[in-house]
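Questions regarding the structure given below will be posed in turn.
The values are calculated or read from the model by the stated rules, or taken from the named source; none is laboratory data. Predicted model only: the values in this text are computed from it and were never measured. For neighbour counting, all protein chains shown are included, and Cβ atoms are generated from backbone atoms with ideal geometry for every residue, glycine included.
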Amino acid sequence: MKGMNDKDAKNYDNQNSPPVLGGVSEGRGGKKQINNQPYLKSFRRKLRNNLTSAEAVLWKMLQHKKLNGKKFRRQHSVDKYILDFYCPEEKLAIELDGQGHFEMAHSEHDVKRSVFLEKNGIKVLRFENKTIFESPEGVLEEIKNFL
């Protein structure tokens, strides 16, 4: 860089390069970036392109700011966790749980994940997949109560 010595130029390049696989870049104000980690980008895209049927139904109800004018994202990552749906304005995560989430190992993972998210100021709402089909209006009403 013009006007910089070699040491300053190297530091400038390191600070403005994307993080390495699994790394966490520095965000605004020196805070660590925890949203949408670059190393998860292709996996998030794969999940968005292969929604479960319950996710597809709920997405139709949330997309284009249909719910109280709030923007939701699909397959948004926070640290190492990928959320089914996320409203950044409200810091609200919505998770849909299929049958596997009720097994002990997966249930423990869900608890750890929820604790991490809540420590970072993100509220977590969980619904069983079947609830999306059986009571979509009830699901939307419950989400509205959190907004």
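Rundown of residues vs (1) out of contact with any Asp or Glu (no Cβ under 6 Å at 6 or more places or on another chain); (2) assigned to a helix (DSSP H, G or I); (3) on the phi > 0 side of the Ramachandran plot, yes/no style:
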{"residue": "His64", "(1), (2), (3)": "yes, yes, yes"}
{"residue": "Leu67", "(1), (2), (3)": "yes, no, no"}
{"residue": "Asp84", "(1), (2), (3)": "no, no, no"}
{"residue": "Ala93", "(1), (2), (3)": "yes, no, no"}
{"residue": "Glu108", "(1), (2), (3)": "yes, yes, no"}
{"residue": "Lys112", "(1), (2), (3)": "yes, yes, no"}
{"residue": "Glu118", "(1), (2), (3)": "yes, yes, no"}
{"residue": "Lys130", "(1), (2), (3)": "yes, yes, no"}
{"residue": "Glu142", "(1), (2), (3)": "yes, yes, no"}
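Just checking, which of Asn145, Asn129 is exposed (fewer than 11 other Cβ atoms within 10 Å of the Cβ), more than 16 Å from the chain's Cα centre (by Cα) and not charged (D, E, K, R)?
The match here is Asn145.
Matching residues to (1) in the same structural domain as Glu118 (by TED's automatic domain parsing); (2) of a type in the set (Phe, Trp, Tyr); (3) at pLDDT 50 or above:
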{"site": "Gly3", "(1), (2), (3)": "no, no, no"}
{"site": "Val24", "(1), (2), (3)": "no, no, no"}
{"site": "Ser42", "(1), (2), (3)": "yes, no, yes"}
{"site": "Glu55", "(1), (2), (3)": "yes, no, yes"}
{"site": "Trp59", "(1), (2), (3)": "yes, yes, yes"}
{"site": "His64", "(1), (2), (3)": "yes, no, yes"}
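Considering only residues that are within 16 Å of the chain's Cα centre (by Cα) and either surrounded by fewer than 20 Cβ atoms within 10 Å (Cβ to Cβ) or touching a residue at least 60 places away in the same chain (Cβ under 8 Å) (or both), which ones fall in the stretch 63-73?
Across the stretch 63-73, the qualifying residues are Gln63, Lys70, Lys71, Arg73.
Which residues, taken from the stretch 45-62, are without any contact (Cβ under 8 Å) to a residue 60 or more places away in the chain, in contact with a strand residue (DSSP E or B) (Cβ under 8 Å, 6 or more places away or on another chain) and not in a helix (DSSP H, G or I)?
Selection gives Leu51 alone.
Moving on. Could you please find all residues in the stretch 106-126 being among the basic types (Lys, Arg) and either under 14 Å from the mean Cα position of the chain (by Cα) or over 10 Å from Tyr81 (Cβ atoms) (or both)?
Within the stretch 106-126, Arg113, Lys119, Lys123, Arg126 meet the criteria.
Would the stretch 84-105 turn up any residue that is in the same structural domain as Leu40 (by TED's automatic domain parsing), among the acidic types (Asp, Glu), within 23 Å of Ser42 (Cβ to Cβ) and in contact with a strand residue (DSSP E or B) (Cβ under 9 Å, 6 or more places away or on another chain)?
Yes - at least one qualifying residue is present in the stretch 84-105.
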